[in-house]
Amino acid sequence: VVGGLEFAVADLTLAEAGRHQLRLAEYEMPGLMSIREEFRESQPLKGARIAGSLHMTVQTAVLIETLVALGAQVRWVSCNIFSTQDEAAAAVVVGSGTVEAPAGVPVFAWKGETLDEYWWATMRLFDFDGVGPNMILDDGGDATLLVHKGVEFEGAGAVPQTTEADSHEYSIILETLRASLADDPQRFTRIAAEIRGVTEETTTGVARLYKLAKEGGLLFPAINVNDSVTKSKFDNKYGIRHSLVDGLNRATDVMLGGKLALVCGYGDVGKGAAETLRGQGARVVVTEIDPICALQAAMDGMQVARIEDVLGEVDIFVTTTGGTDIITAEHLAGMKHNAIVGNVGHFDDEIDMAGLAKVPGVKKIEIKPQVHEWAFPDGHSVIVLSEGRLMNLGNATGHPSFVMSNSFSNQVIAQIELWTKPGEYEKQVYVLPKHLDEKVARLHLDALGVKLTTLSKKQAEYLGVDVEGPYKPEHYRY
Ligand code: NAI
């Protein structure tokens, strides 16, 4: 705590460097900046106490300061142990103050947290000077998970004992909630009753929300930001097209042209990943379980195969599925020497890192932070990036500002929806209406010099749409 402000970041003296980057990012984020102008007077988020769990990058800093400009009180953590940009975290904490007297937002995030530190930080989201948050902004659903598990265990009066089957991370979550229950047996029950809703950023978090809603266990309304067209069809695809290669280059600086790359999954992220690798001159093979996406990959000119068919020939492996056990310890053992392995799906179980650590005689050598050589006793090595976690954020700085301006404009609009319309949304998962999706796109056209054609009245009537939009029916897929 400095000058009454609580925070935990790597180094506040990085704030000035962070602020310079924020200034440049603001210029590249026209959506967020025009939303700031539109709502600065009316302060629609006044009274909102937002608990935010989303990669603490430069772009997220612009999001946080937009929420504050609209009247919200905010606390923030990263949703990944490696994704924080320490200078951005420092700049957000310092705000309009100084290093000696910071006047910004409480941030609890630094690059290279341990899992214990990560869950400690996430718990700090839930204490706004003695009261809880009343909104959540989530990426991957960890903040939402803590509230739901907390309420469940408080209802039962106890936290279950950790078992052998629990992952290391889940046992930390159980410990965290056990301590919380001992300290305040109704903490999350009270918090959940006050929360008006959650807005969720990514595919994996959205999948968790739909599952909860289906089981009848969702405790408050949710907006699925990911499935705004201006999010998943832009951030997931064009964002990864930028940040995957950025991560590979910063981590290894290996020549990508001429190499054989395997992309597991051909959804939105997989499509961006395959395109960027091909753009660098790599030959790209795709794996898929869904016949539609497999056919898309084939029609886009990719070879579609099973991982076992190409295992020993591939130079670069990238997982993008949001699934589990995509690359197993057995696969890692069968790869060619110095094959590079990275994941850009949300959680780290796409690559079986726990299984890799258990291979008899295997040695882990740190090349540099977030780049490790795993040397097998037979003499071959594999290079694993970011310990199997999101390597585009762990080895690089995530997606660039312009595309994140689209995603985060949806986030801010979704926060305003849920905060200003209590009672209008059930405990279900919603997507934003199409006219708001089109609005987000519109906010980004001028910056690229796009000149949009306007429908005539006659043309609009012919198509059966309004001159002002929305232009497509709900079932249209873009
Ligand atoms: P998606 O659902 O569009 O694509 C995933 C694809 O993987 C699907 O086509 C599915 O059929 C395929 N798949 C599932 N299991 C498979 C298996 N065993 N083998 C081969 N293919 C398999 O999802 P999207 O939007 O592409 O997101 C994927 C993951 O990336 C999610 O975890 C999401 O949260 C994360 N994400 C990461 C970002 C980043 O910056 N690194 C940005 C956006 C999303």
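The values are calculated or read from the model by the stated rules, or taken from the named source; none is laboratory data. None of the values given here were measured: they were computed from a predicted structure. Reconstructed Cβ throughout: ideal geometry from the backbone, glycine too, with neighbour counts over all protein chains shown. For accessibility, only protein heavy atoms count, side chains too; no ligands or nucleic acids. Shrake-Rupley method; radii C 1.70, N 1.55, O 1.52, S 1.80 Å.
Charged neighbours of GLY388, selected by a Cβ distance under 10 Å, balance to -4 (K, R count +1; D, E count -1). Take the alpha carbon atoms of the range 324-403, find their center, do the same for the range 112-182, and report the distance between the two centers in whole angstrom. Cα centroid of the range 324-403 versus Cα centroid of the range 112-182: 27 Å apart. From the square roots a ≥ b ≥ c of the eigenvalues of the alpha-carbon gyration tensor of the range 251-347, which class results: rounded (a/c under 1.5), prolate (a/b over b/c), or oblate? Rounded is the answer for the range 251-347, as its axis ratio a/c remains below 1.5.
Charging the Cβ of each Asp and Glu at -1 and of each Lys and Arg at +1, and nothing else, the dipole of the range 50-156 about its Cα centre rounds to 160 debye.
A protection proxy built from the mean count of other Cβ atoms within 10 Å ranks the segments 216-225, 285-294, most packed first, as 216-225, 285-294. Residues TYR27, TYR266, ordered by accessible area of protein heavy atoms at a 1.4 angstrom probe radius and largest first, appear as TYR27, TYR266. Take 102-108, 384-390, 145-151 and order them by the average number of nearby Cβ atoms within 10 Å per residue, most first; the result is 384-390, 102-108, 145-151. Checking every one of the GluC sites (Glu not before Pro) in the range 72-115 against DSSP loop status and a limit of 14 other Cβ atoms within 10 Å picks out GLU100.
Across MET299, MET29, the residue with the most accessible area heads the list, and the full order at a 1.4 Å probe is MET299, MET29. Protein heavy-atom surface of the range 296-348, 1.4 angstrom probe: 46% of the accessible area is carbon and sulfur, with nucleic acids and ligands not counted. A 1.4 Å probe run over the range 25-99, with the rest of the protein chains in place, finds 29 Å² accessible per residue.
Per residue, the range 102-141 exposes an accessible area of 29 Å² to a 1.4 Å probe, with every protein chain left in place. Note on the chain: helix-only mean residue ellipticity at 222 nm, from DSSP H runs of 4+ residues weighted -39500 (n - 2.57) and normalised by residue number, equals -12000 deg cm²/dmol. Protein heavy-atom surface of the range 120-210, 1.4 angstrom probe: 55% of the accessible area is carbon and sulfur, with nucleic acids and ligands not counted. Packing around the peptides 115-122, 455-462, 229-236, 56-63, taken as the average count of other Cβ atoms within 10 Å per residue, puts them in this order, highest first: 56-63, 229-236, 115-122, 455-462.
Taking a ≥ b ≥ c as the square roots of the eigenvalues of the Cα gyration tensor, an a/c ratio below 1.5 marks the range 1-141 as rounded.
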